[in-house]
Amino acid sequence: GMALVTRALKADAARAAPHLACSYAFQAQRRIDQALAASGEAVQREPENGLAWARHAELLLATGRRAEAVEAAGKAAELRPELARTQSVLGFAHLAAFQTEPAMDRFERAALLDQADPQPRLGRGLALIRQGRLAQGRADMEIALGLDPGNSLVRSYLAKAYFAEHRTGPALEQLEQAKELDPADPTPFLYEAFILQSLNRPAEALESLQESILRNDNRAVYRSSLLLDKDLAARSSSLAWIYNELAFDHLAAKEGWKSLSEQPGSYSAHRVLADSYAAMPRHE
């Protein structure tokens, strides 16, 4: 725990390792900004440590600092090009920055370096889907799942790919398994809500979306508070859409305003609030 990390820092604060351990401890406590500061200290202590730069890049991604993440991940890959992890981290950094071709290149290098690692397969699958190559991307995700069948998030992404292929049954099956593997993750509940809504089952979709909202803060292990606010705003907007379908106009308007308060720049929140008002007399 944090007590052991503190002792390690007191014993040898000049090396990167105690600061990296500190970053993981902070992350486990959902303190992403402090985790990022600790990884930043690690790269300052050992600027030639490729794994430290990879860790720093991961946390920069978690806080939405994409350009800095690409730069940090690039240093990690340059220092330790033989590691699949550094190549994958750079791939995900490129992917987050919408640089799909460089991301593909890095994921393919990582897959060659470690064929048992599911992360390059997942990353390449996401990149292929972004390029419009759905079947190939889904196939890579299936390989990633075969390499790591207990990964809830991989199952959620695979379910999303199945749904895009109009394979609703397999998509819902993967989401059920994802929920069993990680009951605290809001992602499978969110994707399930979208699928149920598309199937004209708004009441069930509402229940799934509410479950996702309840679990939103659990993603703090991976994301900063600002990005969590954006996640919650997106879920609130989706909830308002479902309320509109159920003809709960006042509840829809309430959720629209809630979403706007959490993320004033959200297009979806403004749109759903407008649609809610359109159904009310004298709210032109």
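The values are calculated or read from the model by the stated rules, or taken from the named source; none is laboratory data. In this text the structure is predicted, and so the values were computed from the model without any measurement. Please note: Cβ atoms are built from the backbone with ideal geometry, for glycine as well, and neighbour counts cover all protein chains shown. Areas reflect the complete protein model, heavy atoms only, side chains present, ligands, DNA and RNA absent. Shrake-Rupley method; radii C 1.70, N 1.55, O 1.52, S 1.80 Å.
Surface composition of segment 1-157: carbon plus sulfur atoms contribute 53% of the solvent-accessible area (1.4 Å probe, protein chains only, all chains present). Per residue, the accessible area of segment 1-68 comes to 51 Å², computed with a 1.4 Å probe over protein heavy atoms only. Here the extension length gained between Glu207 and Asp12 equals 65.2 nm, from 0.36 nm per residue of separation less the Cα-Cα distance. Remark: relative contact order (segment 74-179) = 17 percent; criterion is Cα-Cα distance under 8 angstrom and separation of 6 or more residues.
Rounded to the nearest 0.05, what FRET efficiency do Thr100 and His166 have when you use their Cβ-Cβ distance and R0 = 22 Å?
Details: r = 24 Å, r/R0 = 1.09.
After rounding, the FRET efficiency stands at 0.35.
With 0.36 nm allotted per residue and the present C-alpha distance subtracted, the Glu48-Leu199 stretch has 49.1 nm of extension available. Here is the size of segment 43-195 from its Cα atoms: Rg then Dmax, 15.9, 51 Å. Between segment 43-97 and segment 126-140, what's the alpha-carbon centroid distance in Å? If we compute the Cα centre of each part, the gap is 24 Å.
The packing ranking of peptides 104-110, 46-52, 63-69, highest mean first, is 104-110, 46-52, 63-69, where packing means the average number of other beta carbon atoms within 10 angstrom of each residue.
Once the 1.4 Å probe is applied to the protein heavy atoms, segment 91-176 comes out at 46 Å² accessible per residue.
Note: relative contact order over segment 1-126, using C-alpha pairs below 8 Å and six or more positions apart, is 15 percent.
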